[in-house]
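Here is the structure we will look at.
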Ligand SMILES: [Zn+2]
C-alpha cells in the first residue's frame, strides 16, 4: 500500500536530483523523474526506506508529443478551460 497520495502541484521540483520530490517521514525524499511521469509512472519511491507515494497528475501534461513540435501553429488545438 502506498504511504500517501500526493498531487504533483504539492511536490517540489529538485534541480539537483532532476526529479519531483516530497518529504518522506524517514527524513529523505520521495522522488519521481519527468521521464517516469512521461512513461505513465505514478509511484514516487524513497531511496532510503521502503515507503512510496502515489503521484496524482495529468499524464497529458508530461506527454512527449505535447512538448515537441509546438513551433507548428497548425498543430495547436483550441484549449477548453473548465
Ligand atoms: Zn523514506
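Computed from the coordinates by the stated procedures, all read-outs in this text should not be read as laboratory data. Because the structure is predicted, anything quoted here is derived from the model rather than measured. Glycine gets a Cβ as well: all are built from the backbone with ideal geometry, and neighbour counts include every protein chain shown.
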Legend entry - Whole-Å semi-axes of segment 1-61's equivalent ellipsoid (Cα gyration tensor): 17, 13, 10
Inset, instruction - Note the full-extension length gain between residue 80 and residue 49 as 0.36 nm times their separation in residues minus their Cα-Cα distance, in nm to one decimal. - result: 7.0 nm
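Using packing as a proxy for protection, rank 26-32, 11-17 so that the peptide with the highest average count of other Cβ atoms within 10 Å comes first.
26-32, 11-17
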Legend entry - Where labels lie 7 Å past Cα in the beta-carbon direction, separation of residue 33 and residue 4 in nm: 2.5
Legend entry - Length gained when the stretch residue 63-residue 18 is fully extended (0.36 nm per residue, less Cα-Cα span): 14.5 nm
